[in-house]
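The values are calculated or read from the model by the stated rules, or taken from the named source; none is laboratory data. This structure is a prediction, so every number in the text was calculated from the model and none was measured. No Cβ is skipped: glycine too gets one built from the backbone with ideal geometry, and neighbour counts run over all protein chains shown.
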Amino acid sequence: MSEYCIELNEVTKKFGNFTAVDKVSLKLEPGKIYGFVGPNGAGKSTTMAMIMGSLFPTSGSGKVFDHPLASTAALKELGYSPEFTSFYRDMSCAEYLHYMGRLSGLSDKEAVERTKELLDKFELNEHANRRVAKFSTGMKKKVSLAQAMINHPKVLLLDEPTANLDPTSRQEILETVRNMVENEKLTVMISSHVLTELETVISHVIMISHGKIILDAPIHEAQEMFKKGILIVNTSDNDTVYEALKDHYQCTVIEEGLRFMSENMEQLKKDIVTLAYTKGLILNLLQEEVMSLDALYKHIMEGGNHESDNKENA
């Protein structure tokens with residue numbers, strides 16, 4: 001058996017003359033949270049749809065735990081929460097989850113029990129008999145996430161799970177995902193545009209543009225790869241430090257103190273420590289700036305001139 005839960009091998013999807021996904025190859029390891037990011041039209045939703053089996057590749061192949069894409073065995077391992085979920089107008093929350101459980105192959109008894117478990121897990125008990133169609137956007141996202149878990153999947157695909165939510169609701173959804181990964185050993189692939197919050201939960205980042213993968217790496221390795229050589233400094237007398245080093249390094253005053261840029265980080269650190277010692281300054285902060293996922297995204301997309309393509313709503 002393969003060590004990967006999802007493998008894509010040069011998967012391509014064309015719609016007429018338009019190539020939405022272009023020879024994408026991926027290998028996802030169990031127990032990790034993958035951030036799948038890119039501009040609108042990059043191919044994110046199309047890639048997820050092919051993994052789920054709702055779209056068939058034009059060429060290429062893929063596996064879910066060694067089962068071919070779209071096979072019954074593969075689908076049993078997957079849970080999916082789309083960006084836009086349609087709910088039956090007259091179904092209550094409990095009825096909807098039970099119905100989705102039956103569709104996924106659970107017996108009536110299993111669907112009833114699983115519905116009770118998920119209503120409790122997602123704190124939906126008091127809303128169990130209310131019609132889902134009347135729920136707020138945040139509540140609908142919760143129900144969509146709950147239905148994605150109905151069949152005890154090993155891999156969870158989430159397409160914009162926090163879109164159009166307030167900050168509190170977004171954090172609640174992401175915290176729920178993090179807990180599920182820890183408690184149920186899930187693998188999660190999240191497509192999202194809210195990069196500042198996505199960064200708090202993912203362990204691996206995959207960037208796609210114009211249907212092609214342009215970055216596939218653990219988040220810490222990606223940040224190290226594109227580190228700018230930035231040092232944040234704060235002392236008991238920042239003015240003295242600024243005047244002494246402004247002609248030797250690029251330096252700006254920021255809220256935290258001073259922000260230095262240098263290609264020789266070790267020398268910069270030595271100069272600051274030496275200056276603090278000789279001037280009798282207290283060194284409050286000496287910290288290399290870690291590139292945020294948002295900054296990393298802008299650096300790669302703008303640096304590689306990857307414009308968004310609006311031909312696909314992905």
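Of all residues in region 25-40, none satisfies being in contact with a helix residue (DSSP H, G or I) (Cβ under 8 Å, 6 or more places away or on another chain) and over 26 Å from residue 294 (Cβ atoms). Filtering region 77-103 to residues that are more than 18 Å from residue 3 (Cα to Cα) and either polar (S, T, N, Q) or under 23 Å from the mean Cα position of the chain (by Cα) (or both) leaves 79, 80, 81, 82, 83, 84, 85, 86, 92. Once region 176-187 is narrowed to residues that are among the β-branched types (Val, Ile, Thr) and farther than 12 Å from residue 145 by Cβ, the residue that is surrounded by the fewest Cβ atoms within 10 Å (Cβ to Cβ) is 181. Among the residues of region 23-68, the ones that are surrounded by fewer than 19 Cβ atoms within 10 Å (Cβ to Cβ) and in contact with a His (Cβ under 9 Å, 6 or more places away or on another chain) come to 3 in all. Please work out if residue 3 is among the acidic types (Asp, Glu), farther than 21 Å from residue 146 by Cα and assigned to a loop (DSSP other than H, G, I, E, B). Answer is yes for this residue. Scanning region 34-77 for residues that are over 12 Å from residue 159 (Cβ atoms), of a type in the set (Lys, Arg) and not in a loop (DSSP other than H, G, I, E, B) yields one hit, 63.
Just one of the listed residues (190, 232, 150, 219) is at pLDDT 95 or above and either surrounded by fewer than 22 Cβ atoms within 10 Å (Cβ to Cβ) or in contact with a helix residue (DSSP H, G or I) (Cβ under 6 Å, 6 or more places away or on another chain) (or both), namely 150. Of all residue pairs spaced 6 or more apart or on separate chains, those with beta-carbon atoms under 7 Å, a first member in region 1-21 that is of a type in the set (S, T, N, Q) and a second member that is surrounded by fewer than 19 Cβ atoms within 10 Å (Cβ to Cβ) and assigned to a loop (DSSP other than H, G, I, E, B) are 2/66; 12/58.
To keep it simple, each residue is scored yes or no on (1) in a loop (DSSP other than H, G, I, E, B); (2) touching a strand residue (DSSP E or B) at 6+ places or on another chain (Cβ under 9 Å); (3) modelled with pLDDT of 95 or more.
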{"position": "284", "(1), (2), (3)": "no, yes, yes"}
{"position": "287", "(1), (2), (3)": "no, yes, no"}
{"position": "295", "(1), (2), (3)": "no, no, no"}
{"position": "298", "(1), (2), (3)": "no, no, no"}
{"position": "302", "(1), (2), (3)": "no, no, no"}
{"position": "306", "(1), (2), (3)": "yes, yes, no"}
{"position": "312", "(1), (2), (3)": "yes, yes, no"}
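Looking at region 232-258, which of its residues are touching a Cys at 6+ places or on another chain (Cβ under 7 Å) and in a strand (DSSP E or B)? 258, the sole residue that qualifies. Could you give every pair whose Cβ atoms fall below 7 Å, whose first residue belongs to region 146-168 and is closer than 21 Å to residue 47 by Cβ, and whose second residue is among the acidic types (Asp, Glu), counting only separations of at least 6 or pairs across chains? Within 7 Å, the pairs are 153/77; 154/77; 155/77; 159/83; 160/83; 162/197; 163/83. At least 3 residues being in contact with an Asp or Glu (Cβ under 7 Å, 6 or more places away or on another chain) and either assigned by TED's automatic domain parsing to the domain that holds residue 106 or acidic (Asp, Glu) (or both) is the threshold, and among the strands (runs of 3 or more DSSP E) wholly inside region 142-211 not one reaches it.
All told, residue 118 falls short of being under 19 Å from residue 149 (Cα atoms), within 21 Å of the chain's Cα centre (by Cα) and crowded, with 18+ Cβ neighbours inside 10 Å. Looking across 81, 104, 136, 61, one residue alone is of a type in the set (Ser, Thr, Tyr), in contact with a Leu (Cβ under 9 Å, 6 or more places away or on another chain) and under 18 Å from residue 176 (Cβ atoms). It is 81.
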